[in-house]
Amino acid sequence: MADEQTHIFFKPGQSDTAPILMLHGTGGDEQDLSKIASYLLPTSPQLGIRGRLIENGQTRYFNHTADGSFDLNSLNSETDWLLETIDTYTEQYHLDQEKMIVVGYSNGANVAAYAWLTKRPRFKKAVLFHPMLLTPTVDLPDLSKISIWGSHGEQDPIVSKTNFDELMQSLTGTHADVSIFEHEQSHNINEPELVSAKAWVTAHIS
Ligand code: MLT
């Protein structure tokens, strides 16, 4: 549940335009992706939620274990917390989750993809910059009403091409509508990638 420690960014926009939910990368904050969100959909209301964990001084949406692997218990409970927090603030700001577009980068993109594969989030569209599969999904849900744009960089030291492909195959296996953008750079967001994401968002707003 959201509490007074929850860090939220809200920028009002046109109420008839799809709202954007921003989920930052490791070490980021609730406002990090605001410029990108404004570029993608200039008139949209924006909601940013900061991951409430801190690891090595960096904000995150879930922890690692002592041996450096992903802490699946933390991932599970923090994803529940995030979905409840999204419910709380979309209600507070009168944002339509059915129309909402998630814009996530890295750690934030990972938690959004994990939410779709394991929970029942109400959001239906996402731009996922440099996401990865955190844990294999045994029973794939039916995500036939979901649309996802995902990107990967060939030189990425964090997300291997194999892992990215596994994530995209899992999402395709759920019958989600999946679009992929790949560049030859690293874990960074570059301009052609933003142009591709904007074209996708423009084609997918309702
Ligand atoms: C993660 O921890 O979610 C991934 O390693 C990506 C990142 O560094 O945030």
Query - Complete set of residues in region 73-111 that are among the charged types (D, E, K, R) and within 16 Å of the ligand (Cβ to nearest atom) - result: Glu78
Query raised in the report: With respect to the numbered conditions (1) surrounded by 19 or more Cβ atoms within 10 Å (Cβ to Cβ); (2) within 14 Å of the ligand (Cβ to nearest atom), which one is the sole condition not fulfilled by Ile20?
Result: (2)
Query raised in the report: Inside region 9-52, can you point out the residues that are modelled with pLDDT of 95 or more and of a type in the set (D, E, K, R)?
Result: Lys11, Asp29, Glu30, Asp32, Lys35, Arg50, Arg52
Report summary line: Taking region 142-175 and keeping residues within 20 Å of Ile189 (Cβ to Cβ), surrounded by fewer than 19 Cβ atoms within 10 Å (Cβ to Cβ) and free of Cβ contacts under 8 Å to residues at least 40 places away in the same chain leaves Glu154, Gln155, Pro157, Ser160, Lys161, Asn163, Asp165
Report task. For Glu91, indicate whether it is under 27 Å from Ser206 (Cα atoms) and free of Cβ contacts under 8 Å to residues at least 12 places away in the same chain. Result -> yes
**Report entry** Residues that are hydrophobic (A, V, I, L, M, F, W, C) and within 14 Å of the ligand (Cβ to nearest atom), drawn from region 46-72
**Finding:** Leu53, Ile54, Phe62, Phe70, Leu72
Query raised in the report: Can you name the condition, by its number, that Lys99 falls short on among (1) in contact with a Pro (Cβ under 9 Å, 6 or more places away or on another chain); (2) under 17 Å from Thr6 (Cα atoms)?
Result: (2)
Query raised in the report: Looking at region 1-97, what strands (runs of 3 or more DSSP E) fall wholly within it and have at least 1 residues that are within 14 Å of the chain's Cα centre (by Cα), closer than 26 Å to Glu191 by Cβ and not aromatic (Phe, Trp, Tyr)?
Result: 20-23, 46-49
Query raised in the report: Just wondering, is there one or more residues in region 32-43 that are within 16 Å of the ligand (Cβ to nearest atom), in contact (Cβ under 8 Å) with a residue 40 or more places away in the chain and either among the hydrophobic types (A, V, I, L, M, F, W, C) or crowded, with 24+ Cβ neighbours inside 10 Å (or both)?
Result: yes
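The values are calculated or read from the model by the stated rules, or taken from the named source; none is laboratory data. A quick note: this is a predicted structure, and the numbers were derived from the prediction, not measured. Positions of Cβ are backbone-derived with ideal geometry, glycine not excepted, and every protein chain shown enters the neighbour counts.
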